[in-house]
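Working notes, structure below.
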Amino acid sequence: MNFVLGTRRIPEKAKRVVVLVQNQIGEARFGAELFRDVLKLSVFLKPRPPPHLTIQGMVLMKHVMSSQQLSLLSYANTCMLMASSSVYRRQQFLIRSLGGGIDHSRNMQQDLRSVEVDAESVIRSITPALDPTRHKGQAGKIAVIGGCREYTGAPYFAAISALKIGADLSHVFCTKDAAPVIKSYSPELIVHPVLEESYSVREEDKKTISRKVLAEVDKWMERFDCLVIGPGLGRDPFLLDCVSEIMRHARQTNVPIVIDGDGLFLVTNNIDLVSGYGLAVLTPNVNEYKRLVEKVLSSEVNDVDATQQVLSLAKKIGGVTILKKGKSDLISDGDTVKSVSIYGSPRRCGGQGDILSGSVAVFLSWARQHIIAADPNSNLSCKNPAVLGCVAGSAMMRKAASLAFCHKKRSTVTGDIIECLGESLEDICPAT
Ligand SMILES: NC(=O)C1=CN([C@@H]2O[C@H](COP(=O)(O)OP(=O)(O)OC[C@H]3O[C@@H](n4cnc5c(N)ncnc54)[C@H](OP(=O)(O)O)[C@@H]3O)[C@@H](O)[C@H]2O)[C@@H](O)CC1
Ligand SMILES: Nc1ncnc2c1ncn2[C@@H]1O[C@H](COP(=O)(O)OP(=O)(O)OP(=O)(O)O)[C@@H](O)[C@H]1O
Ligand SMILES: [Mg+2]
């Protein structure tokens, strides 16, 4: 049975909700997400309703929902009406006049707000202006450490995403046989064929080669604003030993690191590499998160109290920032937890995590610059560049995926999402 929010003829037992919103507006979409996720009702977005209709809908909803559902509904509706300020006060009056569940609803609203973050505001705050006085490099120099015989797509996706978000230079440090392949994907990337896998190194040469690899990366280290370690890195033990050294050097020089893919395999088994380093970000998918939780917290993944668990995990690793990827992305540095649930796509093609890691690297660098410049007009409550970078990267990736899915539906692949990064950022933060 259809329950049409806003019509006067509303059936008693609603199963589906048609949410009438201006669907370009972030808050409205977030409100709609709440309908779907929390109230477990199917949601269909319809653009540009007469705004008073949603208020009618709420009154009648009272008859078919529990007080807790009603509280969440009022919060969802508030989100949707943020942009329609002409009706916002009427909406608030309505929420108050519904009585009963309202005090409860206030607490619920506060809890939800303290987790879900206004990611678009974060993006607008930290994205630097396109100032003609700035020189090449000031908008970010990113390096991806990854790419081996099996995987050449992952480092390419991460490195090209960094450029498409707005970094000036993007490097890839990969194995010798991956390099020509990655170069052939794009002339934009600076590709260093420096890493070696065990199969190409004799036992007696390992020390010398390891030193050479480190020296090659070290030549550049201080110039980088952020390293992304792991996309398509593989799990060769000799290669991972070299990468451990690279991580130690990055840490000594205070270069931020985003660790993903096989980098997480390395770190999970050697947690000291990142423990206590506030400029480290870990971006685990479901599988990688499970391994991390088992190793660090010696427990199972707890989906019921996911917020608390991600907080404990980040704290236990000494304040690194964790971006737990999933239906909603959860971000914690051990102090706070933020969630990004907006947009997204139902397509789960491989490579989306690589886009995310490249994007987080750029936004983290921008957030760091923004905080160092200490803009007095900044309205950011959070001052951890790693958290801000994760929030912005997550929202950007999800928005681009949503846009790509609108165009390509089931045939959406990672390259299509990368092509939508520019339009997505432009939508939030137009280049003047
Ligand atoms: N084009 C390229 O070059 C790309 C290369 N990539 C690179 O590959 C490397 C390994 O990364 P990875 O993600 O495949 O490894 P890992 O996490 O061990 O997963 C292995 C298995 O775990 C499962 N599984 C995963 N996610 C799950 C989920 N959400 N929920 C449930 N299960 C889930 C799933 O198992 P299955 O369902 O097949 O049994 C999956 O097959 C790494 O370097 C990465 O950067 C990728 O970036 C993609 C694009
Ligand atoms: N169920 C979902 N709904 C919406 N977005 C999702 C969902 N699961 C993951 N995402 C988004 O997709 C992005 C990649 O997450 P995913 O879990 O696919 O990473 P991954 O497995 O590391 O990807 P990769 O294939 O690149 O290794 C994240 O930004 C996350 O927000
Ligand atoms: Mg991955």
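The values are calculated or read from the model by the stated rules, or taken from the named source; none is laboratory data. In this text, all values refer to a predicted model and were calculated from it rather than measured experimentally. Don't worry about glycine lacking a Cβ; one is built from the backbone with ideal geometry, like all the others, and counts go over all protein chains shown. Heads up: the accessible areas ignore ligands, DNA and RNA and are worked out on the full protein's heavy atoms, side chains in. Shrake-Rupley method; radii C 1.70, N 1.55, O 1.52, S 1.80 Å.
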key: Long-range neighbours under 7 Å by Cβ, at least six apart or interchain, first residue without any contact (Cβ under 8 Å) to a residue 12 or more places away in the chain within the stretch 298-323, second open to solvent by less than 90 Å² (accessible area, probe 1.4 Å)   = Ser299/Val293; Asn302/Gln309
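Any idea how many residues of the stretch 408-432 are hydroxyl-bearing (Ser, Thr, Tyr) and open to solvent by 30 Å² or more (accessible area, probe 1.4 Å)? Don't jump to the end; show me each part of the working.
So the first thing to find is which residues in the stretch 408-432 are hydroxyl-bearing (Ser, Thr, Tyr), and the list is 411-412, 414, 424, 432.
Remaining after also requiring open to solvent by 30 Å² or more (accessible area, probe 1.4 Å): 411, 432.
Selection size over the stretch 408-432: 2.
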message = Given the criteria open to solvent by 10 Å² or more (accessible area, probe 1.4 Å), of a type in the set (Ser, Thr, Tyr) and under 18 Å from the mean Cα position of the chain (by Cα), does Thr283 qualify?
response = no
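Any idea how many residues of the stretch 340-395 are among the hydrophobic types (A, V, I, L, M, F, W, C) and within 14 Å of ligand 3 (Cβ to nearest atom)?
Taking the stretch 340-395 first, the residues among the hydrophobic types (A, V, I, L, M, F, W, C) are 340, 342, 349, 355-356, 360-364, 366-367, 371-374, 380, 382, 386-388, 390-392, 395.
Going one step further and asking which of them are within 14 Å of ligand 3 (Cβ to nearest atom), we end up with 349, 355-356, 360.
Qualifying residue count, the stretch 340-395: 4.
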key: Boolean, Leu388 is of a type in the set (A, V, I, L, M) and free of Cβ contacts under 8 Å to residues at least 24 places away in the same chain   = no
inquiry  = Where the second residue is part of a loop (DSSP other than H, G, I, E, B) and among the aliphatic types (A, V, I, L, M) and the first is within 16 Å of ligand 2 (Cβ to nearest atom) and lies in the stretch 133-152, which pairs have Cβ atoms under 7 Å and are six or more apart or on separate chains?
reply    = Ile145/Leu233; Gly146/Leu233; Gly147/Ala178; Cys148/Ala178; Cys148/Leu233; Thr152/Ala178
key: Output for the stretch 286-322, where each listed residue is aliphatic (A, V, I, L, M), open to solvent by 50 Å² or more (accessible area, probe 1.4 Å) and more than 16 Å from ligand 1 (Cβ to nearest atom)   = Val304
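So for the stretch 374-386 (the condition being near ligand 2 (Cβ under 10 Å from one of its atoms), acidic (Asp, Glu) and either open to solvent by 30 Å² or more (accessible area, probe 1.4 Å) or under 18 Å from Ser170 (Cα atoms) (or both)), does at least one residue qualify? Walk me through how you get there before you give the answer.
Step one: filter the stretch 374-386 for residues near ligand 2 (Cβ under 10 Å from one of its atoms), giving none.
No.
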request  = Tally the residues that are within 11 Å of ligand 1 (Cβ to nearest atom), open to solvent by 50 Å² or more (accessible area, probe 1.4 Å) and either not aromatic (Phe, Trp, Tyr) or not assigned by TED's automatic domain parsing to the domain that holds Ala374 (or both), restricting the search to the stretch 150-178.
outcome  = 1
task = Tell me which residues, restricted to the stretch 375-432, are aromatic (Phe, Trp, Tyr) and in contact with a Cys (Cβ under 8 Å, 6 or more places away or on another chain).
result = none
message = I need the full set of residues from the stretch 324-348 which are away from ligand 1 (no atom under 14 Å from the Cβ), under 20 Å from Leu425 (Cβ atoms) and not in a loop (DSSP other than H, G, I, E, B), in order please.
response = Ile331, Lys338, Val340
query = Out of Lys219, Lys212, which single residue is farther than 30 Å from Ala367 by Cβ and at pLDDT 95 or above?
reply = Lys212
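Which of the residues belonging to the stretch 138-157 are hydroxyl-bearing (Ser, Thr, Tyr) and assigned to a helix (DSSP H, G or I)? Give the steps one after another, and end with the answer.
The initial filter retains those residues of the stretch 138-157 that are hydroxyl-bearing (Ser, Thr, Tyr), namely 151-152, 156.
Tyr156 - this is the single residue of the stretch 138-157 that is hydroxyl-bearing (Ser, Thr, Tyr) and assigned to a helix (DSSP H, G or I).
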ask   = Do any residues in the stretch 338-366 that are over 12 Å from Val144 (Cβ atoms) have Cβ atoms under 6 Å from those of residues that are among the basic types (Lys, Arg) and at pLDDT 95 or above, where the two are at least six apart or on different chains, and which pairs are they?
value = Tyr343/Arg398; Tyr343/Lys399; Gly344/Arg398
